[in-house]
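Visitor: Questions regarding the structure given below will be posed in turn.
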Amino acid sequence: MKIARARAETCISDLRLDRWALGELSVDEARVTEEHVESCPVCQARHAELDRDRRAFAESAPAFPSGPKTSAPAVRRGPWGWASAAGAVALAAAIILCIQGLATESRPRPTAGTRTKGGPKLEVYVARGGEVFAGTSGLLVHPRDALRFSVSLDEPGYVAVISVDGAGVVSIYHPRSAVPDRLGVGADQALSTATELDDTLGAETLYGVFCDEPVAPTALRAAAQRSRETPAFPPGCRFDRILITKVLP
Amino acid sequence: MSVLPPLEDLYKSHGAAVLRRARDLLGSESEAQEVLHDVFVSLLQKPEQFGGQSSVMTFLYRMSTNAALGRLRSRRTRRRLLASTHDPTSGVALQSQESRAELRELLGSLPDDLAQIAVHYYLDEMTQGEIADMLGCSRQWVQKRLDRLRRSDEGLP
């Protein structure tokens, strides 16, 4: 096992890059930092990476906490408001239990350590009014339904979920971070994010995108925006899709 | 006593760094979000924790490191993180997923002082001087701890 730094000690640390970006450095410190970053490709790349991460946070950060988590099942809205509320966590946990317990009927299920015929699979689970059920293509959903996803992989890979809704708006449902998590081979692996559906009605396509390399979710969204019928995801990415239709209750 | 900026503003400006580091340390988005939540709830309840001896970002680095390390130590499944991500080749740069997983495994078994040094040196890629400033100790103390760290785990440069 060998762990190595990506940057020499003469380079700029993440702490200094963060402080520089937020104006915490003195004038002299900032000047020295800027001069180094301009001349060092490694530090330039890291600075750009941290900047992308800050922008991703600005777009989709968890709601600002108002206090310690309580046991009351209060579900708050917000970009991910309910992802940090105790009630939403309980609901998401219920969905996970459902994922473990329910059998899907429409497609063959892969087992850990085996290659799946037909490639990786995306599954969707819906929570509504205290009940949780598995979804298949053609599923009818309502605004404010909560969606959670699981994936089955036949090869290790980086996973994202992209949505194209009835208005042609492309959204990243998973991950919330700038870089997707890498998952191993296995069936019914629950993804960490949960999504509350908005009021846009009509058909919506959910794409599970499985890549060999950590492709930024924003790049996957861009691919879906360029060609919504069949997105041309980057080489090394495969996808599975589920069609859902959002209707009023 | 130094006063922090309004916490919601601080969250917007500095929260990304707290979340990012927690994610890198824990390898889990959900746990990282919990660390982010815990750090800022702690500040809501006791803003006087920030004494003004360092920059706000430096202070948040310390808080988030301590919170994440605490979780790593109690995490039962840290070995699971290495499954299917272990790369037996040498010289893998730290910013790769595999090296982060290796570092997480190491951190869970280190005493506090060495774990903090490892985080700041290998994850944050700070200089020894920066680490000394962060921890309020001498550079020689940091160097000795790094030497111990390297002896305790073969292969660390």
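The values are calculated or read from the model by the stated rules, or taken from the named source; none is laboratory data. Small disclaimer: the values here were computed from a predicted structure and weren't measured. Counting neighbours? That spans all protein chains shown, and the Cβs are built from the backbone with ideal geometry, glycine included.
Visitor: Regarding A:Ala45, is this residue at the interface with chain B (Cβ under 10 Å from one of its Cβ atoms), closer than 22 Å to A:Pro214 by Cβ and surrounded by fewer than 19 Cβ atoms within 10 Å (Cβ to Cβ)?
Guide: Criteria met by A:Ala45.
Visitor: In the range B:1-35, how many are under 15 Å from B:Arg100 (Cα atoms) and either more than 9 Å from chain A (Cβ to nearest Cβ) or in contact (Cβ under 8 Å) with a residue 60 or more places away in the chain (or both)?
Guide: 6
Visitor: Hey, can you tell me all the residues within the range A:200-226 that are part of a strand (DSSP E or B) and either among the polar types (S, T, N, Q) or within 12 Å of another protein chain (Cβ to nearest Cβ) (or both)?
Guide: Within the range A:200-226, just A:Thr205 meets the criteria.
Visitor: Still on this structure: Taking A:Gly208 as the residue in question, decide whether it is out of contact with any helix residue (DSSP H, G or I) (no Cβ under 8 Å at 6 or more places or on another chain), of a type outside the set (A, V, I, L, M, F, W, C) and at positive phi.
Guide: Values: out of contact with any helix residue (DSSP H, G or I) (no Cβ under 8 Å at 6 or more places or on another chain): yes; of a type outside the set (A, V, I, L, M, F, W, C): yes; at positive phi: no.
Considered against the rule, which asks whether it is out of contact with any helix residue (DSSP H, G or I) (no Cβ under 8 Å at 6 or more places or on another chain), of a type outside the set (A, V, I, L, M, F, W, C) and at positive phi, A:Gly208 comes out as no.
Visitor: So, in the range A:200-237, of the ones that are without any contact (Cβ under 8 Å) to a residue 24 or more places away in the chain and charged (D, E, K, R), which residue ends up surrounded by the fewest Cβ atoms within 10 Å (Cβ to Cβ)?
Guide: Residues of the range A:200-237 that are without any contact (Cβ under 8 Å) to a residue 24 or more places away in the chain, as a first pass: A:219, A:222-223, A:226-227, A:229-230, A:232, A:234-235.
Going one step further and asking which of them are charged (D, E, K, R), we end up with A:226, A:229.
On the way: A:Arg226: 10, A:Glu229: 6.
Among residues in the range A:200-237 that are without any contact (Cβ under 8 Å) to a residue 24 or more places away in the chain and charged (D, E, K, R), the one surrounded by the fewest Cβ atoms within 10 Å (Cβ to Cβ) is A:Glu229.
Visitor: Name every residue in the range B:41-57 that is facing chain A (nearest Cβ under 8 Å) and either crowded, with 23+ Cβ neighbours inside 10 Å or in contact with an Asp or Glu (Cβ under 8 Å, 6 or more places away or on another chain) (or both), in order of residue number.
Guide: B:Ser55, B:Val56, B:Met57 - these are the residues of the range B:41-57 that are facing chain A (nearest Cβ under 8 Å) and either crowded, with 23+ Cβ neighbours inside 10 Å or in contact with an Asp or Glu (Cβ under 8 Å, 6 or more places away or on another chain) (or both).
Visitor: Could you list, in sequence order, the residues of the range A:170-194 that are outside any strand (DSSP E or B) and farther than 13 Å from A:Cys211 by Cβ?
Guide: Step one: filter the range A:170-194 for residues outside any strand (DSSP E or B), giving A:175-181, A:184-185.
Within the range A:170-194, A:Arg176, A:Ser177, A:Ala178, A:Gly184, A:Val185 qualify.
Visitor: Where residues in the range A:6-23 are within 8 Å of chain B (Cβ to nearest Cβ) and surrounded by 18 or more Cβ atoms within 10 Å (Cβ to Cβ), which of them is modelled with the lowest pLDDT?
Guide: The selected residue is A:Arg7.
Visitor: Tell me which of these A:Thr230 doesn't satisfy, since it passes every other one: (1) away from chain B (no Cβ under 14 Å); (2) part of a strand (DSSP E or B).
Guide: Against the list (1) away from chain B (no Cβ under 14 Å); (2) part of a strand (DSSP E or B), A:Thr230 comes up short only on (2).
Visitor: Would you please list the contacts, defined by Cβ atoms under 6 Å and residues six or more apart or on different chains, that run from a residue in the range A:166-186 that is over 30 Å from A:Leu140 (Cβ atoms) to a residue that is at pLDDT 80 or above?
Guide: A:Ser177/B:Glu29; A:Ala178/A:Arg52; A:Ala178/A:Asp53; A:Ala178/A:Ala56; A:Val179/A:Pro214; A:Arg182/A:Tyr158; A:Gly184/A:Pro156; A:Val185/A:Leu153
Visitor: Could you tell me which of the residues A:Leu191, A:Leu197 is modelled with pLDDT of 80 or more, facing chain B (nearest Cβ under 10 Å) and surrounded by 19 or more Cβ atoms within 10 Å (Cβ to Cβ)?
Guide: Just one listed residue meets the conditions, A:Leu191.
Visitor: Could you figure out which of (1) at pLDDT 80 or above; (2) closer than 23 Å to A:Asp198 by Cα; (3) among the hydrophobic types (A, V, I, L, M, F, W, C) isn't true of A:Ala45?
Guide: (2) is the only condition that A:Ala45 fails.
Visitor: Still on this model: Restricting to the range A:221-232, count the residues that are under 26 Å from A:Val126 (Cα atoms) and not polar (S, T, N, Q).
Guide: The number of residues fulfilling the criteria is 5.
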